[in-house]
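A short write-up of the structure that comes next.
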Amino acid sequence: QVQLVESGGGLVQAGGSLRLSCAASGSISVMNTMGWYRQTPGAQRELVATITSSGSTNYADFVKGRFTISRDNAKNTVILQMNNLKPEDTAVYYCNVQTQPHWYAKIDHWGQGTQVTVSS
């Protein structure tokens, strides 16, 4: 059982910044990969950024140089610092943590989603 609690979404003007945070609890460990995804109406949920237990990061091309993902393993939290926001970044952002109870079974756990709206 995994629970993800998100915060930090809101309304911001283009060029502004937001800081999203997600606190994870339950049947997870510091070895789990965590990340952020986003989704707009009528579109597939897409990767924004992920970070492994060792700190290795992966970013979507459209956020490179603007967003930074980090994690605090002691608190089981993942942070997404979003700078120079653009109207195209408007979406619902979802926190994600992946568990692997078996070598053949990876399970994705999702937060409730937090709305990010960037005005022009």
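The values are calculated or read from the model by the stated rules, or taken from the named source; none is laboratory data. Quantities reported herein were computed from a predicted structural model and do not represent experimental measurements. With ideal geometry, Cβ positions are generated from the backbone for all residues, glycine too; neighbour counts draw on all protein chains shown. Surface accessibility is based on the protein's heavy atoms, side chains included, excluding ligands, DNA and RNA. Shrake-Rupley method; radii C 1.70, N 1.55, O 1.52, S 1.80 Å.
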Worksheet, complete the sentence: Note: among W110, W103, just one is out of contact with any strand residue (DSSP E or B) (no Cβ under 8 Å at 6 or more places or on another chain) and either surrounded by fewer than 17 Cβ atoms within 10 Å (Cβ to Cβ) or free of Cβ contacts under 8 Å to residues at least 60 places away in the same chain (or both), namely W103
Practice prompt. State whether one or more residues within the stretch 21-44 are hydrophobic (A, V, I, L, M, F, W, C), open to solvent by less than 40 Å² (accessible area, probe 1.4 Å), in contact with a strand residue (DSSP E or B) (Cβ under 6 Å, 6 or more places away or on another chain) and more than 20 Å from Q3 (Cα to Cα).
Written response: no
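If you take the residues in the stretch 1-36 that are hydroxyl-bearing (S, T, Y) and touching a residue at least 60 places away in the same chain (Cβ under 8 Å), which one is nearest to V92 (Cα to Cα)? Please lay out each step first, then the result.
Quick first cut of the stretch 1-36, residues hydroxyl-bearing (S, T, Y) only: 7, 17, 21, 25, 27, 29, 33.
Those left that are additionally touching a residue at least 60 places away in the same chain (Cβ under 8 Å): 7, 17, 27, 33.
Values: S7: 12, S17: 16, S27: 25, T33: 20 Å.
Applying the filter and picking the extreme gives S7.
State which residue is nearest to P41 (Cα to Cα) when the search covers only the stretch 66-120 and only residues that are among the hydroxyl-bearing types (S, T, Y) and modelled with pLDDT under 95. Let's see the steps before the verdict.
So the first thing to find is which residues in the stretch 66-120 are among the hydroxyl-bearing types (S, T, Y), and the list is 68, 70, 77, 90, 93-94, 99, 104, 114, 117, 119-120.
After this cut, where a residue has to be modelled with pLDDT under 95 as well, the list is 77, 99, 104, 120.
Working: T77: 27, T99: 27, Y104: 32, S120: 19 Å.
Going through the qualifying residues, I end up with S120.
Which one of these is touching a Lys or Arg at 6+ places or on another chain (Cβ under 9 Å) and not charged (D, E, K, R): S70, S53, S17, S25?
Numbers: S70 fails: touching a Lys or Arg at 6+ places or on another chain (Cβ under 9 Å); S17 fails: touching a Lys or Arg at 6+ places or on another chain (Cβ under 9 Å); S25 fails: touching a Lys or Arg at 6+ places or on another chain (Cβ under 9 Å).
Just one listed residue meets the conditions, S53.
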Worksheet item: Taking into account only those residues within the stretch 1-14 that are over 17 Å from Q115 (Cα atoms) and open to solvent by 40 Å² or more (accessible area, probe 1.4 Å), which is farthest from the chain's Cα centre (by Cα)?
Response: Q1
